[in-house]
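Asker: For reference, the structure I am asking about is given below.
The values are calculated or read from the model by the stated rules, or taken from the named source; none is laboratory data. Quick caveat: nothing in here was measured; it's all calculated off a predicted structure. Virtual Cβ from ideal backbone geometry, glycine too; neighbours counted across all protein chains shown.
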Amino acid sequence: MNQQPSKLMPSIWGGLLIGIISGIPLLNLINCACCAGIIGGGVLAVYLYHNRVDPATPLNMADGAALGILAGIFGAIIGTVLDGLLGTFTFDFLYKIAEYVDDPEFDEMIEQLNPSVIGPGFFVIGFIFKLVFNCIFGLVGGLLGVSFFGKAKSAPAEET
């Protein structure tokens, strides 16, 4: 029986895609299309894993589920870190916009989004939400990835 390669590196790459798409402002709008960025990270993890296994070995749904969930976990971690790093830049950008918009409600909303007011509890709650949703939709992406790429590659026919 052949030993399967590690699922760790393909899951990290899938999680990196999920985290970047989820954590970068404006790029995270991709997830408005049925969490397409998160599903794409699960599919990427399966694709990268499938390229590392024996071509004659088909992937099963358990492999796809594990890869998708692991990619979702890594994506939640990376996305939360990016939220923390880019949150102040986003706030500064919105604050500059508020200078040009003459709307007291908008100014009040910006003040409520101030990172110093939000505190670390916001990031913990955000991480938990990211973890749940990334695992669910990463799982869907992993299962879709198995249906796309999971079939055994046929060996090239030998000429006689």
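Asker: For the range 15-35, how many residues are surrounded by 16 or more Cβ atoms within 10 Å (Cβ to Cβ) and over 23 Å from Phe91 (Cβ atoms)?
Answerer: Of the residues in the range 15-35, 5 are surrounded by 16 or more Cβ atoms within 10 Å (Cβ to Cβ) and over 23 Å from Phe91 (Cβ atoms).
Asker: Are there any pairs, at least 6 apart or on different chains, whose C-beta atoms fall under 9 Å, with the first in the range 4-27 and among the charged types (D, E, K, R) and the second assigned to a loop (DSSP other than H, G, I, E, B), and if so, which?
Answerer: Listed pairs, sorted by first residue: none to list.
Asker: Can I ask one more? Checking the condition hydroxyl-bearing (Ser, Thr, Tyr) and closer than 17 Å to Ile136 by Cβ, which residue from Thr80, Thr57 passes? Outline the logic, then answer.
Answerer: Details: Thr57 fails: closer than 17 Å to Ile136 by Cβ.
Step by step, each of Thr80, Thr57 is checked, and only Thr80 is hydroxyl-bearing (Ser, Thr, Tyr) and closer than 17 Å to Ile136 by Cβ.
Asker: Does Leu44 satisfy the condition of being surrounded by 16 or more Cβ atoms within 10 Å (Cβ to Cβ), closer than 29 Å to Ser6 by Cβ and touching a His at 6+ places or on another chain (Cβ under 9 Å)?
Answerer: Numbers: surrounded by 16 or more Cβ atoms within 10 Å (Cβ to Cβ): yes; closer than 29 Å to Ser6 by Cβ: yes; touching a His at 6+ places or on another chain (Cβ under 9 Å): no.
Criteria not met by Leu44.
Asker: Just give me the residues in the range 5-34 being aliphatic (A, V, I, L, M), assigned to a helix (DSSP H, G or I) and over 9 Å from the mean Cα position of the chain (by Cα), in sequence order. Before you say what the answer is, go through the steps one by one.
Answerer: Looking only at the range 5-34, we keep the residues that are aliphatic (A, V, I, L, M), and these are 8-9, 12, 16-18, 20-21, 24, 26-27, 29-30, 33.
Next, from what is left, pick out any that are assigned to a helix (DSSP H, G or I): 8-9, 12, 16-18, 20-21, 27, 29-30.
Answer for the range 5-34, where residues must be aliphatic (A, V, I, L, M), assigned to a helix (DSSP H, G or I) and over 9 Å from the mean Cα position of the chain (by Cα): Leu8, Met9, Ile12, Leu27, Leu29, Ile30.
Asker: For the structure I just gave you, tell me whether Val46 is within 23 Å of Asn134 (Cβ to Cβ) and in contact with a Leu (Cβ under 8 Å, 6 or more places away or on another chain). Walk me through how you get there before you give the answer.
Answerer: Numbers: within 23 Å of Asn134 (Cβ to Cβ): yes; in contact with a Leu (Cβ under 8 Å, 6 or more places away or on another chain): yes.
Yes, satisfied.
Asker: What helices (runs of 4 or more DSSP H), lying completely within the range 47-145, carry at least 1 residues that are closer than 21 Å to Leu27 by Cβ, at pLDDT 80 or above and within 14 Å of the chain's Cα centre (by Cα)?
Answerer: Values: elements: 61-100, 104-112, 115-118.
The qualifying helices (runs of 4 or more DSSP H) are 61-100.
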